[in-house]
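Novice: Take this structure first; my questions come after.
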């Protein structure tokens, strides 16, 4: 097996410029917290505390950016740029009407995963945004 050493790349945008989601990990799966970055699918970190998950996610971010640079791939810019929005244009509040059956499914899944319905919906939205392929 050949091991390739990849030089540590300096990202164009810092870790803090990218949105990230820190979610609790179910105790049955070992507990702790997991960090994901919707703009960079595959970047994940975990730890016993939220701080440890963020630190591990930061290392995963640098490793992923370095690998992308080494492979000649373009590192995507953060999808969210606070300078593009005014406080009035992004309140952070969304109201959605769902079919009752979907609401029941989401509620059951949130209960199974030990998170609030809002936390589950936010994680699913973040995951979906991370999968999109910007033009």
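The values are calculated or read from the model by the stated rules, or taken from the named source; none is laboratory data. Note that the structure is predicted; figures quoted are calculated from it, not measured. All Cβ positions, even for glycine, are placed from backbone atoms using ideal geometry, and neighbour counts span all protein chains on display.
Residues are listed down the side, and each one gets a yes or a no for (1) surrounded by 10 or more Cβ atoms within 10 Å (Cβ to Cβ); (2) within 15 Å of the chain's Cα centre (by Cα); (3) farther than 22 Å from residue 128 by Cα:
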site: 2; (1), (2), (3): no, no, yes
site: 23; (1), (2), (3): yes, yes, no
site: 35; (1), (2), (3): yes, yes, no
site: 45; (1), (2), (3): yes, yes, no
site: 50; (1), (2), (3): yes, yes, yes
site: 61; (1), (2), (3): yes, yes, no
site: 68; (1), (2), (3): yes, no, no
site: 74; (1), (2), (3): no, no, no
site: 80; (1), (2), (3): yes, yes, no
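Novice: So which residues in segment 1-34 are in contact (Cβ under 8 Å) with a residue 24 or more places away in the chain and not in a loop (DSSP other than H, G, I, E, B), if there are any at all?
Specialist: Once the filter is applied, which keeps residues that are in contact (Cβ under 8 Å) with a residue 24 or more places away in the chain and not in a loop (DSSP other than H, G, I, E, B), segment 1-34 yields 15, 17, 21, 22, 23, 24, 27.
Novice: Another one. For residue 130, only one of the following conditions fails: (1) at pLDDT below 90; (2) assigned to a helix (DSSP H, G or I); (3) more than 20 Å from residue 11 (Cβ to Cβ). What is its number?
Specialist: Checking residue 130 against (1) at pLDDT below 90; (2) assigned to a helix (DSSP H, G or I); (3) more than 20 Å from residue 11 (Cβ to Cβ), the one that fails is (3).
Novice: Here's something else I'd like to know. Going by the structure shown, is residue 107 within 21 Å of residue 128 (Cα to Cα), touching a residue at least 24 places away in the same chain (Cβ under 8 Å) and assigned to a helix (DSSP H, G or I)? Walk me through how you get there before you give the answer.
Specialist: Numbers: within 21 Å of residue 128 (Cα to Cα): yes; touching a residue at least 24 places away in the same chain (Cβ under 8 Å): no; assigned to a helix (DSSP H, G or I): yes.
So residue 107 does not fit the description; no.
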